[in-house]
Amino acid sequence: MKNDIILAGVGGQGILSIAATIGMAAVETGLYLKQAEVHGMSQRGGDVQSHLRISDQQIASDLIPKGGADMILSVEPMESLRYLPWLREKGWLITNTNPVVNIPNYPNGESIELAISKVPNHVTLDAEKIARKLGTARAANIVVLGAASPYINLEYKALENAIRNIFKNKGDKIIQLNLDALKAGREIAEGKN
Amino acid sequence: MQKLLLLGDEAIAQGAIDAGISGIYAYPGTPSTEITEYVQRSSEAREKNIRSQWSANEKTAMEAAIGMSYAGKRSMVCMKHVGLNVAADAFVNSAITGTNGGLIVVAADDPSMHSSQNEQDSRFYGKFAMIPVLEPSNQQEAYEMAHYGFDLSEKLKTPVLMRITTRLAHSRSGVVRKTSREQNEVSFPENLRQYVLLPMNARKQYKALLQNQASFEEHSEESGWNEYFDGQDKSRGIIASGIAYNYLMENYPDRKVPNPVLKVGQYPLPKNLVEKISKECDELLLLEEGFPFIEEMLKGFLGDCLNVKGRMDGTISMDGELTPNSVRRALGLKTTEGEAVPELVTPRPPKLCPGCSHIDSYHALNEALQDFTKGRVFSDIGCYTLGALPPFDAINSCVDMGASVTMAKGAADAGLIPSIAVIGDSTFTHSGITGLLDCVNDKSNVVIIILDNATTAMTGGQHSSALGHLENICKGIGVEEDHIRVLNPLKKHHEENVKAMKEEIAYEGVSVIIPRRECIQTAKRHKKTQKTENVKTA
Ligand SMILES: Cc1ncc(C[n+]2csc(CCOP(=O)(O)OP(=O)(O)O)c2C)c(N)n1
């Protein structure tokens, strides 16, 4: 079993908390993990990505080979497309649809939608809207994780536990909010919503 | 034993704590910053009284680490690759003095220049100084090499260089902890002239270093970090150093490489092992993250004594970091990629945060300079370097830390008036002060703008050595008080800020302007901690 996931977004959107959640769940499950993060220059509103690899075998490379990713998990629609060369055949693209428009020549929404729809396995969702309904748009990243969760080889419970762990210093309310966010995302992916 | 999920940087830090360091010295720099930050956050390190505050620059850090080693305790000093240029004088001479307490220098290289000005490979510095170099391939090795490195340093009485690269520094993985040991007691070097590099003494010390080379090599030969794996297919042998080894293994899912492989993790190069693989195989493929360091040594000057493939013959590109795919191509295996990036995807370069004080400073500066031809603003390294990009197009140089001040001086000396320097507060105390002294002594006609956001923002908001000292430093050096102007870079003060800048540009002498407003990111963080503290005390 292996899951190679490219996490994508814009600096400041919180892809590292998604990574931390999956990472913790994987380690609790007894799996091997490697997770290459981007620190430094590009965190200033630039494009950021993280290579997250979990496996029941030892993992060699910190980077996922091109054509080897099982999933692109993105919190921004244009960013989800930047890493297509990494996605393997039949891999999943899961992305939030709320654009971060911080460049003058941001492409129009329809062309992005069209490009995403060409990926055979994809899930798109307005994660901010869902998160706002639950209380705060800031939980959008966990909503996206929820939508990706059926396609990651981890028990849903393990993800829940990881969230409890990661947000434990922030109080019960924030924990519950993120658990709800995870669930809402999952239900979208399972077509319950 | 306990298993931790650690970045490569953090693994080194935990390794150093467990190996019994008494101090870690560093100036921040991507991708090395998280080593020192980990020690600063570690409650264990606090209990053990391990000192870990930031130094003013890499040279002061290196020298303090040498001093701690002189006093018999173990010390580690960390920097990004270009930081080793700054520390080079102390570093190279520390090889001549040798050590007392164990001393490890960590240099974090940044091939592909994710956050750097160049791709220099620190292994050359290790060879230049003639000391052992360790190059871990994964987080567990990084952890264990800290222990091993201190043992090696104390046994051989030499500083040891640990060289890592971005992908190891910033990648997280499980690390199994080993036992931890006590710190050393304070002790004097056996010979109280060991550190006196007067020529007559330095010659002796240097001869000793030369004699030690054989022993350094012997340790490489026997070290578990250099490993020979046999293979059936001798048409090619593969030498892979550091994390290049991982990219090699990635291409053999069953982890069985058909060719003989020499995994290199310790230098000087183990001559016997290299000889063995080159004798056994028809051709050698060199996989190295960084410059073709081993490759060049094997090829020799004329390049034809061995059949060597690698970066120098174009099998792998000369620039940029390795990837699983580039190594796959070099191995001659079939590569597959996903779909191409759709054309509509546009670059998203980093930019100054909304509300950043540098934005207001650049708007004011651009307006103050609008009557002059462009190309007069020398700048430096930090968040404010983003002022080179639209919409500001405000600066014309970024070379090395501190160079803004001295380049502006040189240009003014050449007759380019006005010449302006734009430098951050942390960069100024790193390397700008001595340049400003040159300006004052020469009565140069320059305007030095110190953008004071009260932190080292670019690398994540570390404490700035400049905090609370800037005006006094400038005064102390001899800048006239009337020409040290502190501004508040806010939109509502725009007009008066432009006026002040124009006045100082018109002044024929050394002016210092300090636009001062806290970094928006650290301000947010401070507000948050303030809030929680208020809640706690309420
Ligand atoms: C010799 C050297 N050391 C460290 C660095 C890494 N580095 C780049 S910018 C920077 C911080 C700059 O801080 P400051 O001058 O206060 O500017 P700010 O980012 O806060 O605007 C550091 C540490 C470097 N590029 N070169």
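The values are calculated or read from the model by the stated rules, or taken from the named source; none is laboratory data. Predicted, not measured: the structure shown is a model, and the values here were computed from it. All Cβ positions, glycine included, derive from the backbone under ideal geometry; neighbour counts span all protein chains shown. Accessible surface is based on the protein model in full, side chains and every heavy atom, while ligands, DNA and RNA are left aside. Shrake-Rupley method; radii C 1.70, N 1.55, O 1.52, S 1.80 Å.
With all protein chains present and a 1.4 Å probe, how do A:LYS170, A:LYS66 order by accessible area, largest first?
Ranking A:LYS170, A:LYS66 by accessible area, largest first, yields A:LYS170, A:LYS66.
How high is the relative contact order of the range A:2-189, in percent, counting Cα pairs under 8 Å that sit 6 or more residues apart?
Taking the mean separation of contacting Cα pairs over the length of the range A:2-189, I get 21 percent.
At most 13 other C-beta atoms within 10 Å and a DSSP loop state: those are the exposed trypsin sites (Lys or Arg not before Pro) I care about. Give me the longest piece of chain B that has none.
It runs B:1-180.
Which shape class, rounded, prolate or oblate, goes with chain B when its Cα gyration tensor gives a ≥ b ≥ c as root eigenvalues, a/c under 1.5 marks rounded, and past that a/b bigger than b/c marks prolate?
It is prolate, given that a/c is not under 1.5 and a/b is the larger ratio.
Below 8 Å between Cα atoms, with a sequence gap of 6+, how large is the relative contact order for the range B:357-522 in percent?
26
Take every residue in peptide A:52-62, count the Cβ atoms of other chains within 10 Å of its Cβ, and give the average of those counts.
For this peptide, the per-residue mean of nearby foreign Cβ atoms is 5.
Based on DSSP, what percent of beta bridges with both residues in the range B:357-522 are antiparallel, to the nearest 5?
In the range B:357-522, approximately 5 percent of DSSP beta bridges are antiparallel ones.
Considering only DSSP beta bridges where both residues belong to the protein assembly as shown, give the percentage that are antiparallel (nearest 5).
Beta bridges within the protein assembly as shown, antiparallel portion: roughly 30 percent.
Using the Kirkwood radius over C-alpha pairs as Rh, can you work out the diffusion coefficient of the range B:119-159 via Stokes-Einstein at 25 °C, viscosity 0.890 mPa s, in µm² per second?
After rounding, the answer is 221 µm²/s.
Find how many whole Å separate the alpha carbon centroid of the range B:442-494 from the alpha carbon centroid of the range B:376-417.
Measuring centre to centre over Cα atoms gives 15 Å.
If you stretched the chain out fully between A:LYS2 and A:ASN169, how much longer would it get, using 0.36 nm times the residue separation minus the C-alpha to C-alpha distance?
Gain in length upon complete extension: 57.0 nm.
Assuming a strict under-20 Å limit between Cα atoms, what lysine pair count do you get for the range B:357-522 once near-sequence pairs (fewer than 8 apart, same chain) are dropped?
Lysine pairs satisfying the spacing and distance rule in the range B:357-522 number 11.
For A:TRP92, what accessible surface area do you get with a 1.4 Å probe? Give it in Å², rounded to 10.
Only protein atoms counted, so the area is about 70 Å².
Do any GluC sites (Glu not before Pro) in the range B:420-524 lie in a DSSP loop with no more than 16 other beta carbon atoms within 10 Å, and if so, which?
Those satisfying the criteria are B:GLU480, B:GLU508, B:GLU518.
Please report how far the C-alpha centroid of the range B:316-365 lies from that of the range B:190-218, rounded to the nearest whole angstrom.
Distance between centres, Cα-based: 46 Å.
So how many Lys-Lys pairs in the range A:38-193 land under 16 Å Cα to Cα, not counting same-chain pairs under 8 apart?
So the count of such lysine pairs works out to 8.
Label chain A by shape, choosing from rounded, prolate and oblate, from the square roots a ≥ b ≥ c of the eigenvalues of the Cα gyration tensor; if a/c is under 1.5 it is rounded, and otherwise prolate applies when a/b is larger than b/c, oblate when it is not.
Taking the square roots of the gyration eigenvalues as a ≥ b ≥ c, chain A is rounded.
Which value, in Å² rounded to 10, gives the accessible area of B:PHE150 with a 1.4 Å probe and all protein chains present?
0
Give me the percent of the accessible area of the range B:63-169 that comes from carbon and sulfur atoms, probe 1.4 Å, all protein chains in place.
58
Could you pull out the longest piece of chain A with no exposed loop GluC sites (Glu not before Pro) in it, calling a site exposed if DSSP puts it outside H, G, I, E, B and it has at most 13 other Cβ atoms within 10 Å?
A:1-154
Return the sequence-ordered ³J(HN,Hα) values of the range B:163-171 in whole Hz as given by the Karplus equation 6.51 cos²θ - 1.76 cosθ + 1.60 applied to θ = phi - 60°, using x for Gly and Pro.
Listing the rounded values in order: 10, 10, 10, 3, 5, 7, 3, 10, 10 Hz.
DSSP loop (so not H, G, I, E, B), at most 11 other Cβ within 10 Å: list which chymotrypsin sites (Phe, Trp or Tyr not before Pro) in the range B:236-295 pass both filters.
none
For the range B:227-330, what % of the accessible area comes from carbon and sulfur atoms, probe 1.4 Å?
That share works out to 52 percent.
Output the relative contact order of chain B, whole-number percent, from Cα pairs under 8 angstrom with separation of 6+ residues.
Value for chain B: 11 percent.
Between chains B and A, what is the buried accessible area summed over both chains (1.4 Å probe, protein heavy atoms, nearest 100 Å²)?
For B against A, buried area totals roughly 3700 Å².
In chain B, what percentage of the DSSP-assigned beta bridges are antiparallel, given to the nearest 5?
Roughly 20 percent of the beta bridges in chain B run antiparallel, per DSSP.
If each DSSP helix of 4+ residues adds -39,500 (n - 2.57) and the sum is divided by the residues in the protein assembly as shown, what number results at 222 nm, nearest 500 deg cm²/dmol?
So the calculated ellipticity at 222 nm is -11500 deg cm²/dmol.
Express the Stokes-Einstein translational diffusion coefficient of the protein assembly as shown in µm² s⁻¹, to the nearest whole number, given a Kirkwood radius over alpha-carbon pairs, 10 °C and a viscosity of 1.306 mPa s.
For these conditions, the coefficient is 58 µm²/s.
Which one of A:ARG88, A:ARG44, A:ARG138 has the biggest mean-square fluctuation once chain A is modelled by GNM with Cα springs under 10 Å?
Comparing A:ARG88, A:ARG44, A:ARG138 in a Gaussian network model of chain A, the most mobile one is A:ARG44.
Can you return the aspartates and glutamates within cross-link range of A:LYS2? Criterion is Cα-Cα under 16 Å, with same-chain partners fewer than 8 residues away left out.
Partners within reach: A:GLU28, A:ASP56, A:ASP62, A:ASP70, A:GLU89, A:GLU155, B:GLU250, B:ASP254.
State the answer as a single residue: which of B:ALA411, B:ASN307, B:PHE378 lies farthest towards the positive end of the charge dipole of the protein assembly as shown, with beta carbon charges of +1 for Lys and Arg and -1 for Asp and Glu, about the Cα centre.
Highest projection toward the positive end goes to B:PHE378.
If you take each beta carbon of peptide B:316-324 and count the beta carbons of other chains within 10 angstrom, what is the mean?
Mean number of neighbouring Cβ atoms from other chains: 2.
To the nearest 20 debye, what charge dipole does chain B have about its Cα centre, counting +1 at the Cβ of each Lys and Arg and -1 at the Cβ of each Asp and Glu?
1080
If you take the square roots of the eigenvalues of the alpha-carbon gyration tensor of the range B:361-478 and sort them as a ≥ b ≥ c, do you get rounded (a/c under 1.5), prolate (a/b over b/c) or oblate?
It comes out oblate by the Cα gyration axes.
Using amide H atoms built in the peptide plane, which far-off residues or other-chain residues are under 5 Å from B:ILE316 H to H?
Close amide H contacts, sequence-distant or interchain: B:GLY310, B:ARG311.
Taking B:LYS271 as the anchor, which lysines have their alpha carbon closer than 30 Å to its alpha carbon, excluding any fewer than eight residues away along the same chain?
B:LYS80, B:LYS127, B:LYS155, B:LYS157, B:LYS204, B:LYS207, B:LYS234, B:LYS256, B:LYS263, B:LYS279, B:LYS299, B:LYS309
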